[in-house]
Amino acid sequence: MLEPLAHALDPLTAKRRQRVDRFTRPVQQFIATETAGGIVLLIAAVIALIWANSPWDHSYHEILEHHFAVDLGFWSLDRSVHFWINDAAMVIFFFVVGLEIKRETVIGELSDPRRVIVPIMGAVGGMVAPALIFTLLVAGGAGAGGWGIPLATDIAFALGVLAVVGKRVPFGLRVMLLALAIVDDIGGIIVIAIFYTSELALGPLALAGGLLVLAILLRHYGVWYLPVYIALGVVAWGATVSSGIHPTIVGVLLGVLAPWRAWYSEEGFTELARDEIQRFDEASRSHDEEFAHEQKTHALRQLGFLSNRSIAPLDRLEHELQPLVAFVIVPVFAFANAGVSMSVSTLGDALTAPVALGVFFGLLVGKPLGIFIAVWATVRLGAKLPTGVTWPAVIGMGALGGIGFTVSLLITELSFTDEQLLTDAKLGILFASALAGIIGFLLLRRVYPPLPEEADD
């Protein structure tokens, strides 16, 4: 319905409508995918918890500890299933995060300084406050290195809860939460790269850096053949594993390098496609069936080629990989990391464990407090909240920011090797995230009550 209406508008209004649609459609599609993915993510986490606390819990751990080896002669790697999920499959997750960061900074919510300052400052406040609370509660104890755990917001869960609130939630609040979560991801990536890196091996690190430079040069000279970049990414991942830096960083960097402009411009596509459509029409009127078939097939193949080259690689990769990440990779990650023993003794120990309390209060209290204070101060200095967003809504959004799951669990695995510390941190994440989701839902439901048709459903 939008296209006919666009043709009926005057050229200036139609052009403005196209610019708005160019921004809002990808965001709406992303939100829809992440919302559905959040449900699958929750199911995977629940299955892991049930299995890890069942009489068959040993089989759950045996699956994750089973080893797979890759041996190429000159390079080999023998690691557990848990490693292949956390350090290999999650590279694809972070690659999509890199694509999202690139899109938001060039054409999205993070591209306009007037709009970007509020979510950026909110995200900074939402990272500083949890880290401070965790540090104060742990106070230099055995788990002090886990201060980065409560920094992250899980986009899938947060947007999923926001969707359940109802249709009254303004689009500005959804975009603000999305932008804040993406800035959170950037902060989490920086924290992982700087503070959760083991001793560096300079040779493999130089190889990984050289491959990334090669990827930049190939992109500059117009090489868009995807298998080439997949091969470079795989080798760079292997080199990064050997370098001591967490390999998910490679995924982010390759995502940020993805071209956001198409090979053909809109005008170029229109001109070339018009010729192929004309060729197709002329062939349809031909009485020579063999000639007509060849011409129409050629025209359709050319149209497909033109269409493919008229979609930016960033858009195409994000569209194709989002379902894989949302419905396979992240749920499998949740299944592999959420299986925590929840016996009476374990829960009792967690109630007084500094790490569990630091993560719990860092997410549940530090996140909303830091986000609200930072956003309030930024607005007082002259910035503006998005249309339709009120201060009570900011508090509710801040509560949803306390849903830390995917990146928080990953940082937990990087922070600790001690089983008790791992258990304490994961329990803090699970309970804080559940309560943050409930509190955020109730607050936003009060700010934006359901429409009459929603209440009747």
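The values are calculated or read from the model by the stated rules, or taken from the named source; none is laboratory data. Keep in mind that what you see is a predicted model, and the values were worked out from it rather than measured. Neighbour counts are summed over all protein chains in view; Cβ atoms, including those assigned to glycine, are modelled from backbone coordinates with ideal geometry.
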When (1) at pLDDT below 90; (2) surrounded by fewer than 18 Cβ atoms within 10 Å (Cβ to Cβ); (3) within 27 Å of I190 (Cα to Cα) are applied to G37, the one that fails is (2)
Tell me, please, whether a residue that is modelled with pLDDT of 85 or more, farther than 30 Å from V46 by Cα and among the β-branched types (V, I, T) can be found in segment 296-318.
-> yes
The helices (runs of 4 or more DSSP H) lying wholly within segment 304-352 that contain at least 2 residues that are surrounded by fewer than 19 Cβ atoms within 10 Å (Cβ to Cβ) and out of contact with any Ser or Thr (no Cβ under 7 Å at 6 or more places or on another chain) are 313-324, 344-352
Checked pairs for segment 125-143, first over 26 Å from V394 (Cα atoms), second of a type in the set (S, T, N, Q) and at pLDDT 95 or above, C-beta under 9 Å and 6 or more apart or across chains, list as none
Considering segment 107-124, residues that are under 17 Å from G398 (Cβ atoms) and under 17 Å from the mean Cα position of the chain (by Cα), and then whichever is surrounded by the fewest Cβ atoms within 10 Å (Cβ to Cβ), we arrive at I120
Of the residues in segment 140-170, those that are part of a loop (DSSP other than H, G, I, E, B) and in contact with a helix residue (DSSP H, G or I) (Cβ under 7 Å, 6 or more places away or on another chain) come to G141, A142, G143, W147, G148, A152, T153, D154, G166, K167, V169
Of those in segment 70-84 that are aliphatic (A, V, I, L, M) and within 21 Å of T248 (Cβ to Cβ), the residue surrounded by the fewest Cβ atoms within 10 Å (Cβ to Cβ) is V70
With respect to A181, is the statement that it is on the phi < 0 side of the Ramachandran plot and out of contact with any Ser or Thr (no Cβ under 7 Å at 6 or more places or on another chain) true? no
When restricted to L324, L363, L400, the only residue under 24 Å from the mean Cα position of the chain (by Cα) and either modelled with pLDDT under 90 or under 30 Å from L218 (Cα atoms) (or both) is L324
